[in-house]
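Presented below is the structure to which this report refers.
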Amino acid sequence: MLPRLAELYLNFITAYININLAWLSLLNLQLLIICNPSIVNPGPNSNTNLNKNFLSVYYQNVQGLVPFTHLSNNHPKLDETKMLELHSFIYNKTPDIIVLNETWLKPVINSNEIIPSNMYNTFRCDKSAETHPFDPSNPKKFCQYGGGVLISVNNSLNITTNRIKIKCKAELLAVEIIMSDNSKIIIVTCYRVGTLSINNADEIICALNTLTRKKSVSKLILVGDLNLKDIDWVNGNGRNNLDNVFLNGFAECGLIQCIKDPTHIKGGILDILLTTS
C-alpha cells in the first residue's frame, strides 16, 4: 500500500510541476509580447501599395471601453475583455480607418492605451460639459458620463490627416484626409443620446453645414450612432419634429443615407452612414 501511495504522490508532484512550468512559459510569452509588440505586429508589409485610391473603414459602437461600474472614477480602468477583442481585430485586420462611438473615455486615459500609436494617428472627442451640455428641457435624462467618439487613421498610408476644429455643442468629430492625388475627403463621426432635444439636432446640422461648404472637398462621410430609430430612411419620413429636423438638415447638406436595414437587435436604424456622393 505504501509504495502505491508514494507512486501516486510522485505522479501528483510531477503533474503539478509541469502545469506550473507551462503557466510560466505562457506568462513569459505574454510579457515578451507586451515588451516587444513587433512579435505579433511586425509592421506594414513592404509590398503593400500605400498609394491607395480607396480606404477600408471599421466602425463600431463599443458601448464603453471602460466598465460601467468605473464610469464615475477619476482614473477609470479599461475593460480588459473589450480591449483584448479590439486589439486582436486591429492587429489581424489593420483597417485604414477606425471609427468608434460610445468610447466612455476620459482625458486621463492616453490614446495609445486604446489604439497603438505606432500604427495609428488617433483623434478623440470625449464627453464633456461642452459637447454634452445640460438640457434644461429634459433635466432628468442628463447623464454626466459615457459617450465619446474616436477616429484613428493608419499612419502607414500615404495620406495627410488633420482634425477640423469646429465649435459644436455635440459629440461630433471631423477629420480631413488628403489623399496621395491631393483629393480631400472629410470623415465625420457623431454620437447622440436619444433623449437630447432639438437644440442638439440644430448644433449637429449647423456643424455639418459648415463642413459640407468647405472648399476643395470631394466627399464628406458621416458615420455614427444618432439614435434616430423612428426615421423611415427608405421613404424619407419621420415620426416627429425631431426626426424631420434631421431629415431636412441632411437633405440641405446633400447627405444620403446608405444603410437601409436595421442595425439594432430590436430593430431600427440607430447607426448611420451618410455621404455627399
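The values are calculated or read from the model by the stated rules, or taken from the named source; none is laboratory data. These numbers come from a predicted model, not from an experiment. Please note: Cβ atoms are built from the backbone with ideal geometry, for glycine as well, and neighbour counts cover all protein chains shown. Ligands, DNA and RNA are excluded from the accessible area calculation, which covers all protein heavy atoms including side chains. Shrake-Rupley method; radii C 1.70, N 1.55, O 1.52, S 1.80 Å.
Could you say which residue among 134, 89 is within 22 Å of residue 207 (Cβ to Cβ) and either at pLDDT 95 or above or out of contact with any Lys or Arg (no Cβ under 9 Å at 6 or more places or on another chain) (or both)? Step through it out loud before you land on a result.
On the way: 89 fails: within 22 Å of residue 207 (Cβ to Cβ).
Just one listed residue meets the conditions, 134.
How many residues does segment 191-223 contain that are within 13 Å of residue 166 (Cα to Cα) and either open to solvent by less than 40 Å² (accessible area, probe 1.4 Å) or aromatic (Phe, Trp, Tyr) (or both)?
So the answer is 6.
So the check is Cβ under 7 Å with 6+ separation or different chains; which pairs have a first residue in segment 102-128 that's closer than 23 Å to residue 271 by Cα and a second one that's of a type in the set (Val, Ile, Thr) and modelled with pLDDT under 95?
125/131
Within segment 118-128, which residues are surrounded by 17 or more Cβ atoms within 10 Å (Cβ to Cβ) and either at pLDDT below 95 or touching a Leu at 6+ places or on another chain (Cβ under 9 Å) (or both)?
The answer is 122, 123, 124, 125, 126, 127.
For segment 57-75, enumerate the residues that are of a type in the set (Ser, Thr, Tyr), surrounded by fewer than 13 Cβ atoms within 10 Å (Cβ to Cβ) and not in a helix (DSSP H, G or I).
72
Go over the candidates 105, 71, 84 one by one and state the one that is of a type outside the set (Phe, Trp, Tyr) and touching a Leu at 6+ places or on another chain (Cβ under 8 Å).
Testing whether each residue is of a type outside the set (Phe, Trp, Tyr) and touching a Leu at 6+ places or on another chain (Cβ under 8 Å) leaves just 105.
I need the full set of residues from segment 76-117 which are assigned to a helix (DSSP H, G or I) and open to solvent by less than 40 Å² (accessible area, probe 1.4 Å), in order please.
Matches in segment 76-117: 83, 86, 90, 111, 114.
Search segment 251-277 for residues being of a type in the set (D, E, K, R) and over 21 Å from residue 205 (Cβ atoms), and hand back the single one that is modelled with the lowest pLDDT.
Ranking the qualifying residues of segment 251-277, first place goes to 266.
Can you find even one residue in segment 229-246 that is under 23 Å from residue 63 (Cα atoms), touching a residue at least 24 places away in the same chain (Cβ under 8 Å), open to solvent by less than 60 Å² (accessible area, probe 1.4 Å) and within 22 Å of the chain's Cα centre (by Cα)?
Looking through segment 229-246, none of the residues is under 23 Å from residue 63 (Cα atoms), touching a residue at least 24 places away in the same chain (Cβ under 8 Å), open to solvent by less than 60 Å² (accessible area, probe 1.4 Å) and within 22 Å of the chain's Cα centre (by Cα).
Would you mention how many residues in segment 235-277 are of a type in the set (A, V, I, L, M, F, W, C) and part of a helix (DSSP H, G or I)?
Matching residues across segment 235-277 total 6.
Go through segment 165-184 residue by residue and tally those that are open to solvent by 30 Å² or more (accessible area, probe 1.4 Å) and either under 14 Å from the mean Cα position of the chain (by Cα) or hydrophobic (A, V, I, L, M, F, W, C) (or both).
Adding up the residues that qualify gives 2.
I'd like the full set of residues that are more than 21 Å from the chain's Cα centre (by Cα) and hydrophobic (A, V, I, L, M, F, W, C), limited to segment 247-277.
Across segment 247-277, the qualifying residues are 247, 250, 251, 253, 255, 256.
Looking at the structure I just gave you, is residue 52 modelled with pLDDT under 95 and out of contact with any Phe, Trp or Tyr (no Cβ under 8 Å at 6 or more places or on another chain)? Can you show your working first?
Values: modelled with pLDDT under 95: yes; out of contact with any Phe, Trp or Tyr (no Cβ under 8 Å at 6 or more places or on another chain): yes.
Yes; evaluated as a whole, the condition is true for this residue.
Could you list, ordered by first residue, the pairs with Cβ atoms under 6 Å in which the first is in segment 66-78 and in contact (Cβ under 8 Å) with a residue 24 or more places away in the chain and the second is open to solvent by 70 Å² or more (accessible area, probe 1.4 Å), at least 6 apart or interchain?
Close Cβ pairs satisfying both conditions: 71/145; 75/108.
Scanning for something open to solvent by 50 Å² or more (accessible area, probe 1.4 Å) and touching an Asp or Glu at 6+ places or on another chain (Cβ under 7 Å), does segment 146-164 turn up at least one residue? Don't jump to the end; show me each part of the working.
Going residue by residue through segment 146-164, those that are open to solvent by 50 Å² or more (accessible area, probe 1.4 Å) are 155, 158, 160, 162-163.
If we keep only those that are touching an Asp or Glu at 6+ places or on another chain (Cβ under 7 Å) too, we end up with 162.
Yes, segment 146-164 contains a residue that is open to solvent by 50 Å² or more (accessible area, probe 1.4 Å) and touching an Asp or Glu at 6+ places or on another chain (Cβ under 7 Å).
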